[in-house]
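The values are calculated or read from the model by the stated rules, or taken from the named source; none is laboratory data. Fair warning: this is a prediction, and the values are worked out from it, not measured in the lab. Every residue, glycine as well, gets a Cβ built from its backbone with ideal geometry; the counts of neighbours run over all protein chains shown. Note: accessible area is taken over every heavy atom of the protein model, side chains too, but ligands, DNA and RNA are not part of it. Shrake-Rupley method; radii C 1.70, N 1.55, O 1.52, S 1.80 Å.
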Amino acid sequence: MAGQLSNASFQGHTTSINFELIASSLPWSAADPGRNAFAWDDEEEARLTALIASMTPAVDADQEEKFRFTHEVTALLASRYGRWACGWDWVIYHNGPIAGWSGTYSVQDPETTAARVVACLLEWRDWLEELAERFERLGPPPGADAEDRSWHLERAATRLVTVVVDRTSAESGWHQLCRLVLTWFLSSAGLGPQEARHAVDAAIGGRFRSWSAPARTVVDAVGEDLAVRTTGRRAYRDW
């Protein structure tokens, strides 16, 4: 897998991280399930479960070895299924959408650990598929004029912010996932990744806070700002 490797410290441990395999760095082109097939059946589940079990360190392994195991699993999943799979362990308390993993605490006996990894991979895939369906349903239709496009983008932004808040319960750093989801949405609607990221960052500004669900008026303001920034027009419909 291509990419720059760098040492990074996490909770007192130093490990080598491939920054292309950090879920928050994924462009929508790499995460979009419509462009990244996932062949899955009972036989593949059994093969992957056995493979992960064979990699699992001993229950009494130190934290460094368990961290190394999770990074090795990420590299394995990405090489086997595609870069999108790197989000399998992006847990809610680290700004992500995954509820089924608890870091090194989830590394137990091989069978239990392997089952958890598989469940989290499928949870992550389900999240991506849910987002793709929402993006398609909420995105502006082909040929929409600027005002109509603005209306769709504003409505989509407010609904997607709510989806992220509901998913994360507005835990610490939830707004980082929100930024990514909105950037992915704009990318799915035709904006380039850089343009989409800049528009989202400018629209959110400092409005969102960890451990705090935003008021509806704040969500509406972000949606309107994002729509105007990307279309140059205000929506003409009161939805």
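Out of the stretch 76-88, which residues are within 15 Å of MET55 (Cβ to Cβ) and open to solvent by 50 Å² or more (accessible area, probe 1.4 Å)? SER79, ARG80 - these are the residues of the stretch 76-88 that are within 15 Å of MET55 (Cβ to Cβ) and open to solvent by 50 Å² or more (accessible area, probe 1.4 Å). Within this structure, PRO141 passes the test of being closer than 23 Å to ALA189 by Cβ and over 15 Å from the mean Cα position of the chain (by Cα). Among residues of the stretch 222-239 that are polar (S, T, N, Q), those with a beta-carbon under 8 Å from a residue that is assigned to a loop (DSSP other than H, G, I, E, B) and at pLDDT 65 or above at least six positions away or on a different chain give the pairs THR230/LEU191. What do you reckon, is THR168 open to solvent by less than 40 Å² (accessible area, probe 1.4 Å), of a type outside the set (Lys, Arg), touching a helix residue (DSSP H, G or I) at 6+ places or on another chain (Cβ under 7 Å) and within 20 Å of LEU226 (Cα to Cα)? When the stated conditions are applied, THR168 does not pass them.
Of all residues in the stretch 57-73, none are closer than 25 Å to LEU177 by Cα, open to solvent by less than 60 Å² (accessible area, probe 1.4 Å) and in contact with a Leu (Cβ under 7 Å, 6 or more places away or on another chain). Inspect all residues belonging to the stretch 146-165 and state whether any of them is out of contact with any Ser or Thr (no Cβ under 7 Å at 6 or more places or on another chain), of a type in the set (Lys, Arg) and not in a helix (DSSP H, G or I). No, the conditions are met nowhere in the stretch 146-165.
Would you check if there is a residue in the stretch 41-51 being crowded, with 19+ Cβ neighbours inside 10 Å and in a helix (DSSP H, G or I)? Yes; the residues of the stretch 41-51 include at least one that is crowded, with 19+ Cβ neighbours inside 10 Å and in a helix (DSSP H, G or I).
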